[in-house]
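Before any comments, here is the structure.
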Amino acid sequence: MAVAALRASARALRSGSWLLGTWQTQIRDTHQRASLFSFWELIPMRAEPLRKKKKVDPKKDQAAKDRLKKRIRRLEKASQELIPIEDFITPVKLFDKARQRPHMELPFEESERRALLLKKWSLYKHREHEMERDAIKSMLEAQQEALQELQLLSPELHAEATKRDPNLFPFEKEGPDYTPPVSNYQPPEGRYHDITKVYTQVEFKR
Amino acid sequence: MAAPVRRTLLQAAKGWRRFEGHWAGSLGSRSLAPAAAPLSSGSPWRLVGALCLQRPPLVSKPLTPLQEEMAALLQQIEVERSMYSDHELRALDEAQRLAKRKADLYDEEEDEQNVLLVQDLEDVWEQKFLQFKPGARITEADEKNDRTSLHRKLDRNLVLLVKEKLGDKDVWILPQAEWQPGETLRGTAERTLATLSEKKVEAKFLGNAPCGHYKFKFPQAMRTESSLGARVFFFKALLLTRGDFSQAWKKGQHVWVCKEELGDYLKPKYLAQVRRFLLDL
């Protein structure tokens, strides 16, 4: 725009220098110019100088920050992504029809045998449960009697016997296996690569 | 019923000392509180803390025929209701391919492709399994019926029994110790455990409370005004240290028995009380 103004003024000067009338128009606004040969003052610079955007900038920044905060708030309010339970997600390869076994009809004898076996088993388990219950009951009774005797004998000892034992729990013990441990067993060499997927739930804290 | 005398097994070689003398001596040497009578209330009963040390089973019990049948049935049902696994699918494919190859009678293509058949894999696995020699479930001690060894009857709970000389008789009892003033009864049981063997024996005591008791009166010859009889309180503990430490005890002085064999060793009334709190496994 300045260049165009400069060109226009140069043209005006050139054209004016040839004709008397234009020369007079040139003199018209000399009162506004500092010197006749000053080009840069021909360019109309009467507009206000460019402001340094003092007030508008902070406003814009503040508006941007507010928008960001609103977005964060919306994200927080929305339900968080839950950690997937891998047991509940059926792998895709198991939906293959070829994997299904052909349905076999059981012969009559087989189904009869199974029904009878299940009945015998339920009876056996019922009896086993009763035996266990009686054993536990007798153990508890023996303990209660012992505690009562101790109470009659000496109350202080009874008080100490009925105190909680803080060293009892946590108690960890490995159960029985099928075969006893071999004394000079050499386990196979190798490294253990743990490839379990660990999910973390990101918590948005304000 | 002879009176149980507090003696360590290591001192079993010493002769039988008079009960009152031993009691006074032990009190004088060890206890701090004035102990004219064994209990503060001056009752005529002696207090004894006994230890029921159990070795938990190392091996699971064998299945009864009914249990075996049921296990087989459950396995069968599981296989019927399952889907084909990768291994089985591979086996089916190979069976089909072999049948096709035999039917078509030309084996130009895919000759060397599947060198490793499913059958070969299974054979390799079988070989590997046979190479592993697991420990024996029925040990030598079982066959020799050596009851002092800890390595017998791996599927049962074993209880420690100790032979004490009481009066002129040898009696099999659970290891016990006389209670001393200033300690709890459980402390008495722990003391018994410590004096059982020179090596440190680790045992987990199942709580502060006794699991059973047994009371008896001394024979007439031994009764005095202050000691009419004794009351034994049993405390259960589970043996944690592995390994045989039968060398620490004298021959013929201890025995590890399961619940059925208790009857061979214990007196009837004592046995009756002990059986109540031993879980029948």
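Where a number appears in this text, it was derived from the coordinates with a stated rule and is not lab data. Just so you know, these numbers come straight off a predicted model, no measurement behind them. Every residue, glycine among them, receives a Cβ derived from its backbone with ideal geometry; neighbour counts consider all protein chains shown.
Mean partner shielding of peptide A:166-177, defined as the number of other chain Cβ atoms within 10 Å of each residue Cβ, is 3. Neighbours of A:K197, meaning other residues whose beta-carbon lies under 14 angstrom from its beta-carbon, give a summed charge of -3 when Lys and Arg score +1 and Asp and Glu score -1. Taking label points 7 Å from Cα along the Cα-to-Cβ direction, B:L228 and B:Q253 give a separation of 3.4 nm. Within the shell defined by Cβ-Cβ distances under 12 Å, the residues around A:Y124 carry a net charge of +1, with Lys and Arg each +1 and Asp and Glu each -1. Mind giving me the nanometre distance, one decimal, between the label points for A:R99 and B:W125, set 7 Å out from Cα along Cα→Cβ? Output for this residue pair reads 1.8 nm.
Of all trypsin sites (Lys or Arg not before Pro) in segment A:117-198, which ones are in loop regions per DSSP and have a Cβ with at most 10 other Cβ atoms within 10 Å?
Qualifying residues, ordered by number: A:R164, A:K173, A:R191, A:K197.
At full extension, A:E86 and A:F171 could sit 27.5 nm farther apart than now, given 0.36 nm per residue minus the alpha carbon distance. Under 5 Å between amide hydrogens, built in the peptide plane, is the criterion, and for B:L47 it picks out B:W179, B:R231 among residues at least 5 positions away or on other chains.
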